[in-house]
Amino acid sequence: LSGFVEGIPVVPDALADANFVDKLKDFGLISEITISDVKQELEAKALSKDQLVQFIGWAGKKAITGDIDGPTIHSLMDVAVAMTGDADGSGDVIALGSIKNYLSVNKIPAEVPLPPTTIPFQFTRASSINELQALGWEPLEIVPWLRFLIETNSSRPIDQSLTRSVPFAAHVLQILSRSWEGLSQSSKSTVIALLQPIAIVPTKSGMKKPGEAFFASVKLFDDLPTVTSCPGVKEKFFAAIEVRKTVDLETIFTRLLSPAAEAK
């Protein structure tokens, strides 16, 4: 406990087993630290980054062993607040009572933008999945993460824009492609529906919606918006989100009958 409840006065370890300390316990002058003491300490001050890691580890272990029941864990989470900034005051405020998810980095990497209800990976890397789930948290899934990215796209900087940053859009497509086979059919359908209206596919003609882009192998016309800059994105995934494998007859006739084609 000493890592995150530094405001509670405690007997030094060197004296803890002394006979006179036992006498003080017998007379009720000192006692073991209680959950109420921990809660009061959490209410009194915000945790630092290091203290947040220690608190999550302590609470997870207590929850998984049953030393603290679920309602008590939730009462502690509801009052725990952490300041994730450095000495210069930068950083975010995390209210643990609002946290619903943890990050499984084999599915979604730690460096991408996350919903505010997801605890950043740096604070949970030392805890086991069982401990995190004992706190009432669930892993962040692909569909809610993608929905968050789309809903907040206009408020993020350009280098984190799905529609304006080729590297970021390609990175998101790589993550979706890697997770594709593990998604349920319902989740796949939702991902397709979410992506189709978004100009998220990098092509040599700029960012395009999936249905407006063509596979890189389509060579019929030089100016087709064919996919580019997307290493690691599987063709099966591109096909699933309806990137076009062929040029339809209507497009061919339109191109051939255009004024530019006639001039040639």
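Scaled to the compact-protein estimate 2.2 N^0.38 Å, what is the alpha-carbon radius of gyration of the chain, rounded to two decimal places?
The reported ratio for this selection is 1.47.
Separation between the A16 and T228 pseudo-spin-labels, each 7 Å from Cα along Cα→Cβ, expressed in nm?
A separation of 6.5 nm, rounded to one decimal place.
Taking only protein heavy atoms into account and a 1.4 Å probe, give the accessible area per residue of the chain in Å².
Averaged over the residues of the chain, the accessible area is 56 Å².
What does the charge add up to near F168, with Lys and Arg as +1, Asp and Glu as -1, over the other residues with Cβ less than 13 Å from its Cβ?
0
Apply 1/(1 + (r/R0)^6) to the Cβ-Cβ distance of S36 and S128, taking R0 = 25 Å, and write down the FRET efficiency to the nearest 0.05.
0.35
Could you sort out which of K25/K45; K107/K245; K39/K62 sit more than 20 Å apart by Cα distance in this structure?
Pairs exceeding the cut-off: K25/K45; K107/K245.
Using a 1.4 Å probe over the heavy atoms of the protein chains, calculate the carbon and sulfur portion of the accessible area of the range 1-129 as a whole percent.
About 54 percent, which is the carbon plus sulfur part of the accessible surface.
Can you tell me what the convex hull of the Cα atoms of the range 18-123 projects to on average, as an area in nm²?
Computed as one quarter of the Cα hull surface, the answer is 9.4 nm².
Hey, with R₀ at 45 Å, roughly what FRET efficiency would I158 and T72 work out to, going by the Cβ-Cβ distance, to 0.05?
Given R0 = 45 Å and the Cβ-Cβ separation, E is 0.50.
Sort out for me the Cα centre separation of the range 210-228 from the range 19-48, rounded to whole Å.
Answer, in whole Å: 68.
The values are calculated or read from the model by the stated rules, or taken from the named source; none is laboratory data. Everything numeric here is computed off the predicted structure, so don't read it as measured data. Quick reminder, even Gly has a Cβ in these numbers, built from the backbone with ideal geometry, and neighbours come from all protein chains shown. For accessibility, only protein heavy atoms count, side chains too; no ligands or nucleic acids. Shrake-Rupley method; radii C 1.70, N 1.55, O 1.52, S 1.80 Å.
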